[in-house]
Structures are given as C-alpha cells and as structure tokens.
Amino acid sequence: MQLTVLGCAGSAPGPDRPTSGYLVEAGGARIVMELGSGVFGALMRRCDPFDLDAVLLSHLHLDHCADFSSLTVHRRHHPAPPYDVTERRLPVFAPAHAPSRLAAAHAASLAELAEVRLADTFDFVPLAPGSYRVGPVDIEVAPMRHICEAYAFRLTHGGASLVFSGDTVPCPELVELARGADLLLADSAWREQAGRADYLHMSGREAGAVASAAGVGRLVLTHVLPWSDREGVLADAVAEFDGPVVLAAPGAVYEVG
C-alpha cells in the first residue's frame, strides 16, 4: 500500500500547501481521501482522475471537500472521457447529506438548489460505523468527535494498514480504530492551547498520545494550520510517541506495511 500526500494544510491552504487530500494505491486500486482546496491539481499530477476507484470524504468542511466540484466538472464536461461516466459512476463514501451539499455548488441560481443532482455521475454511499470494500481494499469506518458529522478510516490491504483520523479531538474510538496500524495519519492542527474550542482538532501532543496508546508503527502529522508552529507541533508529538514521527508535506510518498 502506498500513501501520497496531495495536500496537508488545515482549515485553509498555505502558500505552498493545499488543504487535505491523500491518494492511496493498493492492489491496483486508487482511492482519494479528501479533496480540499487545491488538491485536484495535485491529484492530476499523480494520476488520471478517471482512474480513481473511490472517493472518501471524512466530513464536509470545505478544507476537505472544496475540490470535489473540480472533480465533478472534470467528469461531467471532459470532451473525451475514457468511458461513459453515467455507466461507471464513481463511488463516493461520505456523510449522508453529501449529495445535496456537494450538488449545491453547481446550482446556477437559488431556484435550482433543490433540483441539481450528481447521481448521474457519482454513486454516493452514506457513511456509518462499519466495514466497506473498494476492490481489494477493506475500509473500516468509525465516528469521530468534531463539530459536525465526521469519520475516520482504516484501510487494509495485504496485511498492511493505514488509519486516517479526519478531524477530531482525541477519543477512544480513534485509539481503537488505529490499534496496531502500520501508519496513523493524524489531525495535528496546533500546539497545546489554553482555552481552545472543544471538538475541533488534536494538538501535536494529543496526536502523539493517541499513536502511543494505539501502538501504531509510525505517525504522520497532518492538517497543521498555516499559522501554527509546525516544528513545535512535531516536537510535541515526538515527546509523546517513541516511534517514527514526521510532518506531512505535499508530494511525500509513504510505503505502508
């Protein structure tokens, strides 16, 4: 299994970092997790978007799904698609309200909001705790603790396992999902802060503590806010987790397993 970071900034893009986006390739399958601001261009540099086998969206904040609109335009309006996209609809695993939320971006007027549909191009699968499968890849889903409906994913293939936290605060559900995983890709927005808002994100220290409690093989810190102290976030995580820890960077590739 191979993980490529397409974007890793939290909440808003930085000057050289798109927001959340990750490509997972395993057993011939290509799965993109998140399509935040600026991610679609990075995806196109890595593979043909028509070759995707599935999209996973942990939640529907724009820094995780803004470029879904770009994918929609590409699939609907490309002059020479390699296949009929209405016959090979792309599976999209996302919160149940995704079809209407994502379609709204393509309404030409307020009157069209209730009429626009994307089901001719995408096969929306509403997320719930449990197991799913994309080709040879098993996907386990667990609910996270964020300010909206949000999920984490565990992808497994050939004995290798990757866990992506999505956006969450530390919680038992994430520790259990990540237990024994080869790699944990964890929301690490900032350094520890006094009086911060609840149910937003983990700090570097908290991400390190989750990785330690779950006994993962290595930790990749992502979703660091553009104005956060990246090296400080890394140092805080290293203090809590004695395995390998790195900061995600656009274009970075990790072999999992």
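General remarks:
- Here region 18-54 is the region considered, the condition is being out of contact with any Pro (no Cβ under 7 Å at 6 or more places or on another chain) and of a type in the set (Ser, Thr, Tyr), and the residue that is surrounded by the most Cβ atoms within 10 Å (Cβ to Cβ) is SER20.
- Of everything listed in (1) of a type in the set (A, V, I, L, M, F, W, C); (2) touching a Phe, Trp or Tyr at 6+ places or on another chain (Cβ under 8 Å); (3) open to solvent by 10 Å² or more (accessible area, probe 1.4 Å), the single unmet condition for ALA252 is (2).
- With a requirement of 3 or more residues that are closer than 16 Å to THR121 by Cα, the helices (runs of 4 or more DSSP H) lying completely within region 1-105 that satisfy it span 68-77, 98-103.
- The lone exception for PHE164 - which of (1) buried (at least 23 other Cβ atoms within 10 Å of the Cβ); (2) at positive phi it fails: (2)
- Number of the condition not met by ALA213 [criteria: (1) surrounded by fewer than 24 Cβ atoms within 10 Å (Cβ to Cβ); (2) more than 20 Å from the chain's Cα centre (by Cα); (3) closer than 22 Å to GLY14 by Cβ]: (3)
- Taken together, the criteria place ASP242 among residues that are acidic (Asp, Glu) and either surrounded by fewer than 20 Cβ atoms within 10 Å (Cβ to Cβ) or free of Cβ contacts under 8 Å to residues at least 24 places away in the same chain (or both).
- Subset of region 131-145 (residues that are of a type outside the set (Ser, Thr, Tyr), under 17 Å from the mean Cα position of the chain (by Cα) and either buried (at least 23 other Cβ atoms within 10 Å of the Cβ) or at pLDDT 95 or above (or both)): ARG133, VAL134, VAL137, ASP138, ILE139, GLU140, VAL141, ALA142, PRO143, MET144
- Those residues of region 178-193 which are open to solvent by 10 Å² or more (accessible area, probe 1.4 Å), at pLDDT 95 or above and more than 18 Å from VAL253 (Cβ to Cβ), in sequence order: ARG179, GLY180
- Among the residues here, ALA249 does not qualify as of a type in the set (A, V, I, L, M, F, W, C) and assigned to a helix (DSSP H, G or I).
The values are calculated or read from the model by the stated rules, or taken from the named source; none is laboratory data. Being a predicted model, the structure only gives us computed values, none of them experimental. Backbone-built Cβ (ideal geometry, glycine too); neighbour counts: all protein chains shown. All accessible areas refer to the heavy atoms of the entire protein, side chains included, with ligands and DNA or RNA removed. Shrake-Rupley method; radii C 1.70, N 1.55, O 1.52, S 1.80 Å.
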